[in-house]
Amino acid sequence: MGTLSTISAAAPATSAEAVSRLCALLAAPGGPRLYPGALGPVAVLSAGSDLTVWCWGGFFRWSDDGGTRVTHPAADPEGAARRLGAERHSHGQRTRTAA
């Protein structure tokens with residue numbers, strides 16, 4: 001008899017995979033260049049001074065335009081991309097930094 005996993009096969013298995021998927025979702029023609037990177041359990045996505053998103057411990061982390069720290073589950077890069085895209089459009093693409 002087997003057991004059921006609570007982790008979807010579609011969910012990223014590592015921080016690096018989550019950031020890679022987030023990068024692909026945020027990439028847009030004419031948009032800022034995105035720079036993903038990873039070392040061990042920590043991954044980061046940077047778009048120059050406009051955006052830095054860290055990923056570790058199962059969460060994406062960034063600061064919104066007001067400096068409020070934001071977290072979002074790394075298992076949901078699509079949702080994080082929607083949130084980041086909404087912030088970019090509603091705030092005129094102001095600067096966000098790592099949380």
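The values are calculated or read from the model by the stated rules, or taken from the named source; none is laboratory data. All of these numbers come straight from a predicted model, not from anything done at the bench. Using ideal geometry, Cβ is built from the backbone for each residue, glycine included, and neighbour counts are taken over all protein chains shown.
Side notes on the structure shown:
- Leading residue by the ranking (surrounded by the most Cβ atoms within 10 Å (Cβ to Cβ)) among those in the stretch 70-95 that are modelled with pLDDT under 85 and part of a helix (DSSP H, G or I): Arg88
- Residues of the stretch 9-40 that are part of a loop (DSSP other than H, G, I, E, B) and touching a residue at least 40 places away in the same chain (Cβ under 8 Å): Ala11, Pro12.
- Subset tally (residues that are of a type in the set (A, V, I, L, M) and surrounded by fewer than 17 Cβ atoms within 10 Å (Cβ to Cβ)) for the stretch 26-68: 4
- Candidate set from the stretch 41-69 (those that are modelled with pLDDT of 95 or more and not in a strand (DSSP E or B)); member that is nearest to Gly85 (Cα to Cα): Gly58
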